[in-house]
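Have a look at the structure below, then the notes.
The values are calculated or read from the model by the stated rules, or taken from the named source; none is laboratory data. Here the structure is a predicted model, which means the values were calculated and not measured. Cβ coordinates were reconstructed from backbone atoms using ideal geometry, including for glycine residues, and neighbour counts include every protein chain displayed.
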């Protein structure tokens with residue numbers, strides 16, 4: 001194999017519904033903890049449902065920490081916007097809020113176990129996802145909006161009112177993972193603009 005071929009990024013491959021469902025459940029536990037759910041309950045649920053290994057190393061450290069920092073709490077709570085994209089990608093919710101509108105976290109309880117009337121195995125095994133075309137369209141839209149917001153910041157201009165860069169950053173991260181951007185794992189996904 002030539003060194004040139006080793007430097008080429010792997011082709012994007014949209015994640016399958018099972019992968020997205022597992023990632024959504026892991027992320028739901030992280031955001032639940034940030035929202036105030038008892039740590040022991042979260043850890044027990046993850047263990048009982050054999051989901052602990054779905055947490056990334058940074059998520060496991062956060063969920064396991066008895067005293068996460070304020071910044072870790074804030075970062076985990078912002079992951080709701082990423083979770084929104086995962087749940088939307090699965091078709092579990094229809095509406096993607098505007099790029100300046102925070103998601104309604106109560107929507108997750110209506111579609112995700114342990115709150116929804118569906119078991120973890122039913123949720124994972126019954127998962128479907130939106131088409132590649134629809135997912136790639138959202139990825140393009142988020143890329144363009146993220147670039148518009150970053151460009152405004154770089155040039156010292158106000159970010160357009162229809163955009164919130166924090167919301168877009170999280171959603172862009174999630175959709176890039178969903179579409180398999182450069183084949184990167186969750187914690188390493190970039191949001192290049």
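Annotations for the structure displayed:
Conditions tested, residue by residue: (1) touching a helix residue (DSSP H, G or I) at 6+ places or on another chain (Cβ under 9 Å); (2) surrounded by fewer than 13 Cβ atoms within 10 Å (Cβ to Cβ); (3) modelled with pLDDT of 95 or more.
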{"position": "80", "(1), (2), (3)": "yes, no, yes"}
{"position": "84", "(1), (2), (3)": "yes, no, yes"}
{"position": "100", "(1), (2), (3)": "yes, no, yes"}
{"position": "124", "(1), (2), (3)": "yes, no, yes"}
{"position": "128", "(1), (2), (3)": "yes, yes, yes"}
{"position": "149", "(1), (2), (3)": "yes, no, yes"}
{"position": "155", "(1), (2), (3)": "no, yes, yes"}
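- Test: residue 76 is buried (at least 16 other Cβ atoms within 10 Å of the Cβ), over 21 Å from residue 15 (Cβ atoms) and without any contact (Cβ under 8 Å) to a residue 24 or more places away in the chain: no
- One residue stands out in the stretch 137-168 among those that are in contact (Cβ under 8 Å) with a residue 60 or more places away in the chain and part of a helix (DSSP H, G or I): the one that is farthest from the chain's Cα centre (by Cα), namely 166.
- Candidates 121, 50 - the one that is assigned to a helix (DSSP H, G or I), under 15 Å from residue 21 (Cα atoms) and over 18 Å from the mean Cα position of the chain (by Cα): 121
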